[in-house]
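Note sheet for the following structure.
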Amino acid sequence: MTQAIDHVALLPAYLAAGTALLALLTDLAVARRAATLAVTAAGAATVAVAAWAVGTGPVRDTFCLADAPAACSFRADPTSALVATLFALLTLGVLGLSGYAVRGLPAGEYCFLLAASMTGGVVLGYSRDLITLVVALETLTLPLYALVGLRRRSVDSAQGAVTFFVVSVVSVAVTLLGAALLYAATGAVHLRALAAALADGVPGELTTLASAGAVLVLAGLVFKVAAVPFHAWAPATYDGAPLPIAAYLSTTSKLGGVVAVVYVVAIGLQPWLDVVGPALAGFAVLTMTVGNLVALRQRRMVRLLAWSSVAQAGYILAPLGAFAVGTGRTSDALALAVTATIAYAVFYVMIELAAFGSVVVLRGGAVMPAVSLASLDRSDVDGGEIEQYRGVARRSPWVAAAFTLALVGLAGLPPGLAGLFAKIVVVRSLLGGGAGWLAVIVALNAVIGLAYYLPVAVRLYGDRAAAEPAAVPAERVAGPGLRPGWGAPLWSGLALAATTVVAIVVGFAPQLVLDAAALVAG
Amino acid sequence: MTAGQVVLILTLAVPAAGAVAVPLLPDRVARITGTGAAGLTLLASVLLYAGRGGTSLEPAAPVRPWHSVRGDWAPGLDLQFHIGVDGISYPLVVLTALLTLLCCGYLLGRPDGSRMLVALLLAAEVGIVGTFLALDLVLFFVFFEVVLLPMYAMIAIWGGPGRRAAARKFVLYTLLGSVLLLVGVFVVVAAAGTADIVALTGGGQLGRGTQLLGFTFFALAFAVKAPLWPLHTWLPDAHTEAPTVGSVILAGVLLKLGTYGLIRIGVGVTPEGAAWAATVLGTLAVAAIVVGALVCLAQTELKRLIAYSSVGHMGFVLLGIATGSAAGIQAALIGNIAHGVITGLLFFLAGAIKDRTGTGELAALGGLRETAPGLAGILGFAAIASLGLPGLAGFWGEVFAVVAAIQRGSPGWTVLGVVAAVGAALTAGYFLRLLRRVTHGPPAAVPVAPAGLARIELVAWAPLVGLTLVIGLLPVLVLGMAYGPVEALAVGVGG
């Protein structure tokens, strides 16, 4: 039997895959780093535009079951468009940040892998069955194993890549096992069909099987979100990866996990929220608390950001968990919870990208004392110790201001209005969903969060003289060839500026994000 | 848009524009610009008094703003940009604008490049005035949070030797308060379906359970800010370590965010909760008065003593609020203003003394009456005003609070009133001890230079001295405009 395929619905995915190929070809043909980056960036921008354009059209379903037309694997609706656009834009942002850091890395492979990962993200947005979902998520993750390990001279990088690889493969296996158990119990992999089967009631002897399946699917997916207790890979991997890839991991990759969890929970497992809900609430509480407490003790910048992003994952999951354990489970309440989760995730990825962007620009542009002239290999620049950022505001006031704004935003305080509204969104949905206790835990965690974000921000404005004696002599820091302008991290700076401007705009107009997130909730 | 609405928006827009512009300008110009912005803000806030008659549009509402502006900001968060001014908030708005202007003016006379301090003062002013003006619960919370980081930076960057620890303690404590406020806000909003303070005042839409839960969060949040014993421990460190202008703003208006919030939101939105917790609140307030006074009697450092005296004074304000009666809330309002004016002045003086002598230790000071008679005179005036001498501003708040407590009639409240009165006597004790140590006695070994008062100091302090006298003689200036709104609130509590 032949199946009709709606190629318009697939257009963004085609474009994303094409971008990956084009990046590789450009590198072969032109062999200029700038050209490869520019082509990939143009491709990512095209994907964003195409996804948006397809999303504004009618809803398109394709790859549907012949006997059950409602059960489709691929669905182009506003939700999918939003997710795909976000992935494309985030990739664009990370590419901008990469302009500087990829100097020591093979540009063609770098861009190809990044675009391939973006393809996974775009497909993820459109996927509506468990298998497509897992394949898309793996397409998103697989190129990252290689990207994390790209810092050739660093043992940390290789270690990070191996950790990431092993943990990730195990998590996929767990998710697939869960999907298989669900299929065994219900005979469905399509999310809607699964929901219908669960709503009809699973035969008594299969209930345990289906419950185990549901929990396993979720456990595998929260690996990607780096939620406690499946978080241990994140700090080592982020710290080992090239800086832009760490930014990508903590934004795009995490967003992928969140989207997958939302799709599975809000569509597929919706009738069974009383099974998965308490699990999600438990993940959320553990994740935010452990993440914040461990972040308090970090001395390395990227590790601090990694642990903070673990904690943020807790806030992202909280509304879903709260909805599930709350009392009145109406579709309104579900929409509220999903809107809150997506809105928080969107606010978060913007601010997180700005934070990592600041680190990239600070580490790459204005040379840190610890990076001596001899070891100025761009590919080997990592996030460094937090102490090394002392006093950078003197040299780079604007970048320091952007970094401060991002840190304060992550802490959820004005002037980081985007972060403040993100915090409000979560607390509002928790109290609206009847989970006041969870709201109090989120609130207390916000206080712990400030206790580590603020000292970092303060250090940017600190006095260099008070830094450790091992600091490089002043002429080396401010020597003629090493001023911030040297090497012109122009694109990184522009990407950072653009991200910061977007974060400020949505800070003043949070309704933009809320409206977009409400699309997902449908 | 009426003229009143334009002026209302200007009271927020002018300091906000100033806070953005000042860091971009060269130091001297920046400080003059900042002071100009603060001056315009004061002018705008004073002008709000004009045209307050146009309020008969909503006769049924218990909150009747003189002028109000309303617009959607983020409907998805129940957040409306709804601001307005009435008799309860007006004096506090003017006080904030005045103290900010005086602080900016004071910085004009300082030699060092302190334009960032001016910018932070203006940023904090936006948050404080915004909190007083907000008529939407979520907006109230947003402005409440705006104040936090500018204040933190003021302490952490320009503070004394222990500034880091003090600033961290301040910011974590206050953030704890404000996240509890956030929870409380959405407890109310989730139940009522609106965040409009005008609609919510009176508590009619909320069940008893919601009101008790909401008030618990509000009371905790505002008790940290006010601060109420035993949640006050951030205050002495923060006030002592902050630079002079920081201490003035902290004591003068920041603490009022807590007491104002308790009146406007605690008593206004969740009156049943306020009535339910009145005894606990009153007991803690009286404990604060007595503990504050006893600690002050043992203090050896000038700024720390004044800081702890705030705990006691705010105790009187909180006692007034706890009674829930019209007289008690009136006492709280005038106590707020009086404390802002007098303690603001005291911190200016403490800063001046520390600048001149290099020490704030009471043991090292002495004989200021002979070495710097002008300074000693004003210090004597401020201290006597602060201890509540009749005829000066500090008197009314304390007396009315005690009277309101005794008017409640029950034996428990009478005991509270009597103990509070004893606390007032202790207050007199420690301020007289302060004067004996600092202004009287033989001149201390430390030199006082310069002995005279700079012109900028006189200009900065004269309005505060004047207001202390005027409010002391004519309390109706503050209370007259608040009479209607306070009666409406007291009806809600049933007091």
Worksheet item: Only one of (1) more than 23 Å from the chain's Cα centre (by Cα); (2) hydrophobic (A, V, I, L, M, F, W, C); (3) farther than 19 Å from A:A76 by Cα is not met by A:V189, so which one is it?
Response: (3)
Worksheet item: Going by the structure shown, is A:L92 assigned to a loop (DSSP other than H, G, I, E, B) and either within 30 Å of A:V228 (Cα to Cα) or modelled with pLDDT of 90 or more (or both)?
Response: no
Discussion item. For segment B:232-265, give me the residue count where each residue is farther than 22 Å from B:A165 by Cα and charged (D, E, K, R).
Written reply: 2
Fill in: From the options A:G412, A:G432, A:G416, residue that is closer than 25 Å to B:E125 by Cβ, touching a helix residue (DSSP H, G or I) at 6+ places or on another chain (Cβ under 7 Å) and modelled with pLDDT under 85
A:G416
Discussion item. Whether any residue in segment A:62-85 is of a type in the set (F, W, Y) and part of a helix (DSSP H, G or I) is what I want to check.
Written reply: no
Worksheet item: Going by the structure shown, is B:F215 aromatic (F, W, Y), buried (at least 24 other Cβ atoms within 10 Å of the Cβ), in contact with a helix residue (DSSP H, G or I) (Cβ under 8 Å, 6 or more places away or on another chain) and away from chain A (no Cβ under 14 Å)?
Response: yes
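The rows are residues; the columns are (1) of a type outside the set (S, T, Y); (2) under 27 Å from the mean Cα position of the chain (by Cα); (3) in a helix (DSSP H, G or I).
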| residue | (1), (2), (3) |
| --- | --- |
| B:A376 | yes, yes, yes |
| B:L392 | yes, yes, no |
| B:W396 | yes, yes, yes |
| B:F431 | yes, yes, yes |
| B:R436 | yes, no, yes |
| B:P442 | yes, no, no |
| B:L464 | yes, yes, yes |
| B:L469 | yes, yes, yes |
Worksheet item: With respect to the numbered conditions (1) small (G, A, S); (2) modelled with pLDDT of 85 or more; (3) over 30 Å from A:G291 (Cα atoms), which one is the sole condition not fulfilled by A:A470?
Response: (2)
Item to complete: Among the residues of segment A:173-203, write down those that are of a type in the set (V, I, T) and part of a loop (DSSP other than H, G, I, E, B).
Response: A:V189, A:V202
Worksheet item: Condition test on A:V513, is it at pLDDT below 80, surrounded by 24 or more Cβ atoms within 10 Å (Cβ to Cβ) and either farther than 17 Å from A:A345 by Cβ or of a type in the set (V, I, T) (or both)?
Response: no
Practice prompt. Sort out which residues of segment B:187-212 are within 14 Å of chain A (Cβ to nearest Cβ) and either touching a helix residue (DSSP H, G or I) at 6+ places or on another chain (Cβ under 7 Å) or within 19 Å of B:H82 (Cβ to Cβ) (or both), and write them in order of number.
Written response: B:V187, B:V188, B:V189, B:A190, B:A191, B:A192, B:G193, B:T194, B:A195, B:L206, B:T210, B:L212
Practice prompt. Name the one entry in A:L280, A:L304, A:L293, A:L320 that is assigned to a helix (DSSP H, G or I), under 26 Å from A:L334 (Cβ atoms), out of contact with any Gly (no Cβ under 7 Å at 6 or more places or on another chain) and among the aliphatic types (A, V, I, L, M).
Written response: A:L320
Discussion item. Quick check on A:A76: is it under 24 Å from A:V520 (Cα atoms), touching a residue at least 60 places away in the same chain (Cβ under 8 Å) and buried (at least 18 other Cβ atoms within 10 Å of the Cβ)?
Written reply: yes
Worksheet item: In segment A:155-179, which residues are surrounded by 20 or more Cβ atoms within 10 Å (Cβ to Cβ) and either farther than 21 Å from A:A136 by Cα or among the aromatic types (F, W, Y) (or both)?
Response: A:S157, A:G160, A:F164
Worksheet item: How many residues are under 20 Å from A:A343 (Cβ atoms), more than 10 Å from the chain's Cα centre (by Cα) and modelled with pLDDT under 90 when one looks only at segment A:227-261?
Response: 1
Worksheet item: Can you name every residue in segment B:269-326 that is of a type in the set (D, E, K, R) and buried (at least 23 other Cβ atoms within 10 Å of the Cβ)?
Response: B:K303
Practice prompt. Might you check whether a residue that is surrounded by fewer than 24 Cβ atoms within 10 Å (Cβ to Cβ), free of Cβ contacts under 8 Å to residues at least 24 places away in the same chain and within 12 Å of chain A (Cβ to nearest Cβ) occurs anywhere in segment B:128-144?
Written response: yes
Item to complete: Answer yes or no as to whether A:K254 is more than 26 Å from A:R363 (Cα to Cα) and of a type in the set (K, R).
Response: no
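The values are calculated or read from the model by the stated rules, or taken from the named source; none is laboratory data. Bear in mind that the values here come from a model prediction, so they are computed numbers and not experimental data. Here the Cβ is made from the backbone with ideal geometry for all residues, glycine too, and neighbour counts use every protein chain on show.
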